[in-house]
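First the structure, in the form of structure tokens, and then the observations on it.
The values are calculated or read from the model by the stated rules, or taken from the named source; none is laboratory data. Small disclaimer: the values here were computed from a predicted structure and weren't measured. Heads up, the Cβs are rebuilt from the backbone with ideal geometry, glycines too, and the neighbour counts pull from every protein chain shown. Heavy atoms of the whole protein, side chains included, go into the accessibility calculation; ligands, DNA and RNA do not. Shrake-Rupley method; radii C 1.70, N 1.55, O 1.52, S 1.80 Å.
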Amino acid sequence: MFGASRALSGAAARGGATSRVLITLVLSLIGVGIASAQETLGADVPELVKASAAAETVYVSPTGAGDRSGRNEANAMAFSTARDRMSSLSSSTVFAFVPGVYSLTSGTALRAPSSGVLHLRGGDGVVFRGDFSYSRPESSSAGLRLRSGNVIVEGIRFENTRNCVRAENNATLRNVYIKDVTAKDVHSCINIDRGLSGPIENWTVSGLEVDGYYRVGVRLGGPNARGFNLSGLQLNGANSAGVDYCWKGGIQLYEGVSNVRLANARIVNNIGDCTDYQQGDGIEADDTGGAPRNIEILNTYVGNSGDADLDMKANGVRMYNVVSAGGRGTYYNFKFWNYPDYSCEACVGANPNWFHIILVNATARFTDAQFYADRTVPPCDLRHRSGGRSQLILDQVWMEATEQQFRGCESSAGGVTLGEIPADQRQVDLRPVAPEPPVLRSVN
């Protein structure tokens, strides 16, 4: 049924496993690149940058300045005027915001001109501030609302808005680039909600930092939503009011969204405020209305979630160098459902309250992984429902568990080391095993 070996000895064993996994990862990522070439993943950033460089630049300040024509900073257009123009442009336009606080207490529609680009360019000191309040979380409509693609949103800080960027229904939203956006105390920052007709394709979100939100940091959903490249995300769900939606999440993938790549991310403190079972996930994929598919997660740290750090009901999930750090609210590190193709290479599961791994009618493979906790935690829980089966495959794994506990995993195992992992051998943060994602060009 399984074979558990205690013969692996510290650094030598880890070094051999890591070398082998590095080769595997390189080959795997080459395969991913070939597959991705058949369907675009992320915005066409070079083309957007090129179109932006050739566009007219309109300077904007909170109340305007000089003759308010927008031709330079001394004659900046008033924000109220610029907002009216952002949905009715006849040619490519860059709205360049001078430092200041911009009142954004309602939804602002963004629509690029036909065959052109709309670029909102901020920088240090550019703040969009809304009327969102944790005491009335559903009352605000503040935020940017996309009604077309070919849009760049760059260098803007959102404070107390319902959304940072929200996808509108019945709109074609192809080629969107969100770069170096920060947010504090918002309802939900990037929101492609359930039920949108799309098509919503080829988005790049780079350098997003959200500090405090009510519901979700990033939500991607829809059967016609595909091709998302997310990198450099910092999502901290803990907010100033301590008020949270029950089903809170750092990243949520819904309704058949496909071809999503997440790299170099840190996602923490997603604990829902529920009356019964504690909810909240760091990364969640749900198959109600269609299974999310072709999901890749690289170099990502997730911790202190209300239910599971990673709670996935998705088809084709590949993970490399993922740390589930657990925490005071985390029941599980890895919770996988319903599909036979979960894989996690060079991953770490630490400090859950219940189990490191729970599978429900799912098959998952962990290679070159570690599982440990500050106290005794059962390693896994395999559930077989309605005639389905779960299978756990472990290869070159260190696990703090007894042989009796390990038998309960019903694993297919090779090269597994059981027992306490010495402190100096614990992998407590990301290991630089998987290659870095491509560097996106700057938007000037």
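Some points to look at:
- Segment 306-316, residues that are surrounded by fewer than 24 Cβ atoms within 10 Å (Cβ to Cβ) and either at positive phi or touching a Gly at 6+ places or on another chain (Cβ under 7 Å) (or both): Gly316
- Checking each residue in segment 326-344 for being buried (at least 24 other Cβ atoms within 10 Å of the Cβ) and part of a strand (DSSP E or B) picks out Tyr332, Asn333, Phe334, Lys335, Phe336, Tyr342, Cys344.
- Checking each residue in segment 186-203 for being in a strand (DSSP E or B) and open to solvent by 20 Å² or more (accessible area, probe 1.4 Å) picks out Glu201, Asn202.
- Scan of segment 97-144 for residues that are assigned to a strand (DSSP E or B), touching an Asp or Glu at 6+ places or on another chain (Cβ under 8 Å) and closer than 13 Å to Glu154 by Cβ, ordered by number: His119, Leu120, Arg121, Phe128
Okay, residues lined up against (1) touching a strand residue (DSSP E or B) at 6+ places or on another chain (Cβ under 8 Å); (2) open to solvent by less than 10 Å² (accessible area, probe 1.4 Å); (3) at pLDDT below 95; (4) not in a strand (DSSP E or B):
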{"residue": "Gly256", "(1), (2), (3), (4)": "yes, yes, no, yes"}
{"residue": "Arg261", "(1), (2), (3), (4)": "yes, no, no, no"}
{"residue": "Val268", "(1), (2), (3), (4)": "yes, no, no, no"}
{"residue": "Asp276", "(1), (2), (3), (4)": "no, no, yes, yes"}
{"residue": "Ala291", "(1), (2), (3), (4)": "yes, no, no, yes"}
{"residue": "Ile295", "(1), (2), (3), (4)": "yes, yes, no, no"}
{"residue": "Asn304", "(1), (2), (3), (4)": "yes, no, no, no"}
{"residue": "Arg318", "(1), (2), (3), (4)": "yes, no, no, no"}
{"residue": "Val323", "(1), (2), (3), (4)": "yes, yes, no, no"}
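- Among the residues of segment 50-65, those identified as part of a strand (DSSP E or B) and hydroxyl-bearing (Ser, Thr, Tyr) are Thr57, Tyr59, Ser61.
- Of the residues making up segment 169-185, those that are open to solvent by less than 10 Å² (accessible area, probe 1.4 Å) and not in a loop (DSSP other than H, G, I, E, B) number 5.
- Listed by first and then second residue, the pairs with beta-carbon distance under 9 Å, at least 6 apart or on different chains, first residue in segment 381-407 and closer than 14 Å to Pro340 by Cα and open to solvent by less than 70 Å² (accessible area, probe 1.4 Å), second of a type in the set (Ser, Thr, Tyr) and in a loop (DSSP other than H, G, I, E, B), are Leu382/Ser390; His384/Ser390.
- Annotation note: of Arg215, Arg166, Arg157, the sole residue that is open to solvent by 20 Å² or more (accessible area, probe 1.4 Å), within 24 Å of Ala265 (Cα to Cα), in contact with a Phe, Trp or Tyr (Cβ under 6 Å, 6 or more places away or on another chain) and of a type outside the set (Ser, Thr, Tyr) is Arg215.
- Qualifying residue in segment 71-79 (condition: touching a Gly at 6+ places or on another chain (Cβ under 6 Å), open to solvent by 60 Å² or more (accessible area, probe 1.4 Å) and modelled with pLDDT of 95 or more): yes
- Tally, over segment 297-353, of residues that are of a type in the set (S, T, N, Q) and farther than 16 Å from Gln427 by Cβ: 7
- Hey, Ser106 modelled with pLDDT of 95 or more and touching a His at 6+ places or on another chain (Cβ under 9 Å) or not: no
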